[in-house]
Each structure stands twice: as structure tokens, then as C-alpha cells.
1. Residues in segment 283-293 that are part of a loop (DSSP other than H, G, I, E, B) and crowded, with 22+ Cβ neighbours inside 10 Å: how many?
2. Any residue in segment 369-381 that is closer than 14 Å to ALA153 by Cα sitting within a Cβ distance under 6 Å of a residue that is part of a helix (DSSP H, G or I) and open to solvent by less than 10 Å² (accessible area, probe 1.4 Å)? List the pairs, counting only those 6 or more apart or interchain.
3. Kindly list, by first and then second residue, each pair from a residue in segment 98-114 that is of a type in the set (Gly, Ala, Ser) to a residue that is part of a helix (DSSP H, G or I), limited to pairs with Cβ atoms under 7 Å and residues at least 6 apart or on different chains.
4. Can you name every one of the strands (runs of 3 or more DSSP E) wholly within segment 167-282 that holds 2 or more residues which are aliphatic (A, V, I, L, M) and out of contact with any Asp or Glu (no Cβ under 6 Å at 6 or more places or on another chain)?
5. In segment 295-337, what count of residues is obtained for those that are more than 17 Å from LEU226 (Cβ to Cβ), outside any loop (DSSP other than H, G, I, E, B) and open to solvent by 10 Å² or more (accessible area, probe 1.4 Å)?
6. Any chance you could count how many residues in segment 148-207 are of a type in the set (A, V, I, L, M), surrounded by 13 or more Cβ atoms within 10 Å (Cβ to Cβ) and more than 30 Å from TYR95 (Cα to Cα)?
7. Among the numbered criteria (1) touching a residue at least 24 places away in the same chain (Cβ under 8 Å); (2) closer than 21 Å to PRO306 by Cα; (3) part of a helix (DSSP H, G or I), which single criterion is violated by SER157?
Amino acid sequence: MRIVLLTNILTPYRIFFFDRLEGECRKRKIQFTVIVMAETEPGRDWEYSQYQRNYTVLLKGKSIVVQNIILHFNTGLKKIYQEIKPNIVVCAGSYLYPSLWETLRLKRKFHYKVLYWSESHLNERRNYSRLKYHVREQIRKRVISRFDAYWYAGEFSKQLLEKYAKQGSKYIFLPNLVNPEIYNSAVYFKNSEKNKIAQEYLLNRNKKIFIIPARLAAEKGIIEFLTLFKDIKYKNNATIIIPGRGNLKEKIEEMATEYHLDIRLLGIKQESEMVKLYAVSDALILPSVSDPNPLSVIEACWAGLPILLSEHVGNYPEIVHQGINGYVFSYKSPEKAKRIIDQMISASSDWYRHAGEVSHDIAENLYNPNTAVPRILSQTIECCGK
């Protein structure tokens, strides 16, 4: 058995899953190869060489950006398929990648099954013209319907696939996975350690500390969230820390000054620092207007944090039990959203403790790589490996 996974670039938040999948394949004497389209992409802070493995192959080619869409044009893919002779090829990422189209074109020639790994969902905010929307729908239907089966990241991503896939298609739940050993450690920080972290970042632990781990970019919804936050009753009882960088830094700083909001822009933080920030935080907030299935939400669950998400965050159906371990809010109902934020700030310590425990249980049940990876591989082979 030989399995290939075709992806755009190697990333720090995917390499853990690739490593675990390769290890599971090795146990079963299955050859696993990750074919990579490009060394990096605009706006990314890493290169292929940082995460290269003995099971990865980098294609030759060039990349272009067309209306904010990154396209990788590769050579040599057919030759690699000839050499590997895969039984299964999993295509990850955009349905617009030329190498994905070539993989679909070659599947009859090389007699492999093709799966599509999708995290996108229908609830992401898009400002498309009627013509652009129509063109997108036609391309999606034409491309996505040609796959033999699908990996989906949650209820919302499955709904998108079902809209375009052939009737009776097979679906395999692939939850986003992080290394639980790293983020779970945040649960066990002592109070004295949390105080030390608070001192390091000049944080007042008498206030609620909310963490928004996100790029300072439009799709992350930080501006929209602060527009709500500035009007809530208990805003002076909360500090928002934002590890991340982007082109909205000055705008966020202006809003913080104008509306007297306690916001700390921390810049990019390494994994070890993120664990410390999760440990000192009371809850995670992700106010995105477009976010397929962010790993930061899974990290926060392993760290035992309550969760506040916008309805545009794709994995909220799996993560949030409304009022129990957090809340989902809608920008369409701003007054209700403000009440929810106030509820989070004024909630009791008992609520926070129980909410964090529920989040951690969700991580254990749905996002544990020790059970998820073997299941995913078995189900993939069962539906496509014959």
C-alpha cells in the first residue's frame, strides 16, 4: 500500500499530524509520501527546509498571486506518480491548485483513488460579486465532484463538501490535531508560575485575561470585535492580549487609545511562549469573520480554557457547548453579542473552572491523536484502498 498526500507548503501546524500519520503508516508497512508544491508562500514565516522530512518531496515550479489567490505551477508531478505508484492520493488545500487538477486528470492513468481534504465551510463571510460567486460555484462543483472520498474537519466543512460532491460519497472525519503534550502542560501551571508570567507581561490578574491568538488581519475580525467590546458594561474589567502581527496593528492601537481598552499587542510568539500565555489566560476569544478550522481553538481546549467564538469560526459546532464551556456570538445580533461578552467577563470562578474542564474533555474525546490518527488511516484504506 502506498499513500501520497499533496499539499501546498509545509507548516508548523500541520507537520505534527504528518509525522503521526507517517509513523502509523510505518507500523502497518505502508509507504507514505508528502508532495509539496512550494517552499513557502507570501505572508508565511517559514520555509520548506525547516520542516523537511525523509518522507517529503518538494516539487519544482513557480508561484503567482492572482487577486489574493496563490497558485503554484509545478513540474515533475507525473514522474513522481510513475515512480511511487500510489494507491491513494490525498489532496489538501485549495481546489484551484493546478497540481490538484493534474492529480485528478492522471487518476485513471495510474489507477489510484483521490481524496480531498477540506476545512472550508459555507459560513465564511465573502464579499463576492454575483458573477464571481457564480464562477466560483461552477468551478467548485466541477472539481470537488471528481473526488472519490473526502476528509472533513467538522460539521460545517462536511456541509460544504456535500453541496458539491456526488451523492453517496464517503466522508472521513479528520479533526485538526495538535501535540497535546505541549498544550496540556498549561493546565498544570501553579498559581505562582502564573503570577510570574503576569508580571513578565505586566498583566493584572484581578482582571479577566482574554487571549486572541491571531494575525492582525481583516479576516480575523479583531476590528469588528473591538467595535462591540468598546460598548460593553464590564470592559474595564478585562485585558485582551493578542499574540500575532499584521497590517492592522496601528488601527487596533488607535481603537485601544480612543476607547480606553486594555489591549496588549504582543507580536509573534513561539510555541513555548504561547503555552505560558494560555496558562495565564482566563479564556480564548476568536472573533474571525472568516476562519475555516483554526488550530488555536484546539490548543486552547487542551490548555483547559473556556472559549468565545464568532459564528464564522468553522469548528465551533464541535468545540462550544453554549453557556457551558463558552459561547458563540453573531455580528448580526450585536446587542446579544455584547451581553454574551459581559457574561464571560462577569462569570464566577466556578463557571470558569467547570468550563475549562469541559473544553479539556472535548479535546480528549475528539482531538486526541492517539485515537484519531489510527482511525483516519483505517477508514481511508477501507473506503479507497481496494
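1. Final tally of qualifying residues: 3.
2. VAL373/LEU21
3. Going by the 7 Å Cβ cut-off, the qualifying pairs are SER99/LEU77.
4. It comes to 238-242, 263-265.
5. Total meeting the criteria: 10.
6. 6
7. For SER157, the failing item is (2).
Conditions (1) under 19 Å from the mean Cα position of the chain (by Cα); (2) within 18 Å of ALA218 (Cα to Cα), marked per residue:
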| site | (1), (2) |
| --- | --- |
| PRO243 | yes, yes |
| MET255 | no, yes |
| LYS269 | yes, no |
| TYR278 | yes, no |
| VAL297 | yes, no |
| LEU309 | yes, yes |
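The values are calculated or read from the model by the stated rules, or taken from the named source; none is laboratory data. Quantities reported herein were computed from a predicted structural model and do not represent experimental measurements. Every residue, glycine among them, receives a Cβ derived from its backbone with ideal geometry; neighbour counts consider all protein chains shown. Ligands, DNA and RNA are stripped out before the accessible areas are found, and what is left, the full protein with its side chains, is counted by its heavy atoms. Shrake-Rupley method; radii C 1.70, N 1.55, O 1.52, S 1.80 Å.
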